[in-house]
1. What number comes out for the charge environment of residue 121, summing +1 per Lys or Arg and -1 per Asp or Glu over other residues with Cβ under 15 Å away?
2. At 0.36 nm per residue, and after removing the present C-alpha to C-alpha distance, how many nm does the segment from residue 338 to residue 359 gain when stretched out fully?
3. Local charge sum around residue 241 (other residues, Cβ-Cβ under 11 Å, Lys/Arg +1, Asp/Glu -1)?
4. If you line up the long axis of helix 66-82 against the longest principal axis of the chain, both from Cα atoms, how many degrees apart are they, to the nearest 10?
5. Describe numerically, in nm with one decimal, the distance between label points set 7 Å from Cα along Cα→Cβ at residue 100 and at residue 249.
6. Looking only at GluC sites (Glu not before Pro) in DSSP loops with at most 14 other Cβ atoms within 10 Å, what is the longest site-free stretch of the chain?
7. Rounded if a/c is under 1.5, else prolate if a/b beats b/c, else oblate: with a ≥ b ≥ c from the C-alpha gyration tensor eigenvalues square-rooted, which is the range 22-190?
8. Given a Förster distance of 30 Å, report the FRET efficiency between residue 167 and residue 191 from their Cβ-Cβ distance, rounded to the nearest 0.05.
Amino acid sequence: MKRTSLFNLAAALLAGAFSATAAEATLGIGDPAPKLAVGEWVQGEPVKEFQKDKIYIVEFWATWCGPCRTSIPHLNEIHTKFKDKGLVVIGQNVWERDETLVKPFIEKMGDKMTYRVVMDDKSERERGAMAETWMQAAGQNGIPAAFLVGKDGKIAWIGHPMSLKDSVIEEVLAGQFDVAKAAADFKKQRESRTEMTRLSRQFGEAMKDKKWDEADAALSEIAKLMPDGQQDSVAAARLQILLGKGDTEAAASLAEQISERAKGNGAMQNQLAWQLLSQDNLSAKALATAHSIAVKANDAAGGKDASILDTLARATFMKGDKAKAIELQQKAVELAEDEDLKKQLQSNLDSFKKDQLPKAD
C-alpha cells in the first residue's frame with residue numbers, strides 16, 4: 001500500500017551510494033555545478049542561475065520511479081524546514097517516459113510536493129540537457145539522485161535524497177561543511193566500483209535465498225567501502241537481515257538507533273516502524289520501540305499523512321488501546337486522497353472495530 005519494504009529501500013540506498021562510480025564520470029563533489037539547462041517550470045518560481053546567498057538541492061526524479069515517490073515527501077520535509085534559511089529545492093524531472101503525466105502527478109501529490117519542479121530541456125539532446133550535463137557527467141545511472149550545491153556554486157554532496165542528513169544541509173548553509181573530505185570520500189567510492197558491484201550482487205542473492213549469514217558477511221564488506229555519510233544505508237540493510245532471521249529484539253534495538261539518526265525524516269521513521277509492526281510474535285519491548293518510532297513519524301508529518309497515521313494506529317492497536325487506534329485510523333481514512341488507499345485504510349478501520357488486527361500488506 002504505502003510502505004516500500006525496508007530491504008528495497010536499503011537496496012536503493014546502497015545502489016545510490018556507489019552508482020556514481022563510472023570511470024568516465026567527469027563531475028564530482030567539489031566541482032563547480034553545471035549551469036541549469038532546463039525546460040518548462042511546472043511548479044514554483046523559476047531559477048535562472050545559482051545565487052551566492054543560497055544553497056540548492058537539485059533532485060532528479062520521474063513519475064514512473066517507485067523510489068522517487070517514496071523520497072518525495074522526505075524531500076518536501078527538507079524544503080519546508082530550510083526554505084526560509086536559504087535552501088532552494090528543485091525537483092528536476094528526468095528520463096520521463098510520458099511528460100503529460102508530470103503535472104497531474106504533482107497535483108495528486110498536493111502538499112507532499114510543494115517545492116519547485118522543472119522539466120528537462122530536450123530541444124537539442126534526446127535524453128535531456130540536465131540528464132547529460134549533470135546525471136551522466138557525474139556517473140549517476142539511477143534515480144532518485146540529488147546534488148547539493150553550496151553558496152560558492154560548487155557541488156557539496158551527491159547521493160540518494162533519503163540519505164541526505166539535515167546536519168549536512170546546516171553545515172553547508174553555515175559554510176562549515178568539509179567539502180574536501182566529502183570529495184575524497186566520493187572519489188574513493190568511484191575507485192571501489194567493481195568490488196562494490198560484486199558485493200552488492202552477492203548481498204542481493206543471499207537476501208533472496210534467505211541466507212542471512214552470507215548476506216551479513218557481504219554487507220560487512222560493503223560497509224568497509226562505504227563513506228561515513230552512507231553508513232545508515234548499511235544499517236537499514238542489516239535491519240532487514242535481523243528481521244529475516246526472526247531476531248526482533250536486535251532488530252528493534254537497531255531500528256531505534258537508525259531512528260535517532262533520522263530525526264525529522266518522517267518517511268524513514270514510518271518505514272522503520274512498519275518493518276517491526278509487520279512481524280509476527282513481536283515482544284512487548286520491540287512493540288514499544290515500534291510505537292515510539294511511529295509517534296516520531298507522525299510528529300514529523302504533523303499528523304497529516306494518512307499512511308503514517310495508519311502505521312501509528314496499528315502500533316496503538318497492538319499495544320491494546322483499541323479506542324485510540326480507531327480514532328487514529330478514522331483520521332487516516334479522512335485524510336486519504338487516493339481512492340485505493342482510502343479503501344485499504346477503511347478496511348483496516350473495519351478490522352479494528354471488529355477487534356481484529358489487519359493483515360500486514
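All of the numbers you see were taken from the coordinates with simple rules; none came from a lab. This structure is a prediction, so every number in the text was calculated from the model and none was measured. So basically every Cβ, Gly included, is an ideal-geometry build from the backbone, and we count neighbours across all protein chains shown.
1. Values: positive: 35, 48, 122, 125, 127; negative: 40, 49, 96, 99, 120, 124, 126, 132.
Once all neighbours under 15 Å are counted, the net charge is -3.
2. Details: separation 21, 0.36 × 21 = 7.56 nm, distance 2.03 nm.
Length gained, residue 338 through residue 359: 5.5 nm.
3. Numbers: positive: 210, 211, 238, 245; negative: 213, 214, 216, 247.
That works out to 0.
4. On a 0 to 90 degree scale, this one is about 80.
5. 5.9 nm
6. 127-336
7. On the way: a/c = 1.57, a/b = 1.21, b/c = 1.30.
Here the range 22-190 falls in the oblate category.
8. On the way: r = 26 Å, r/R0 = 0.87.
Efficiency, from the Cβ-Cβ distance: 0.70.
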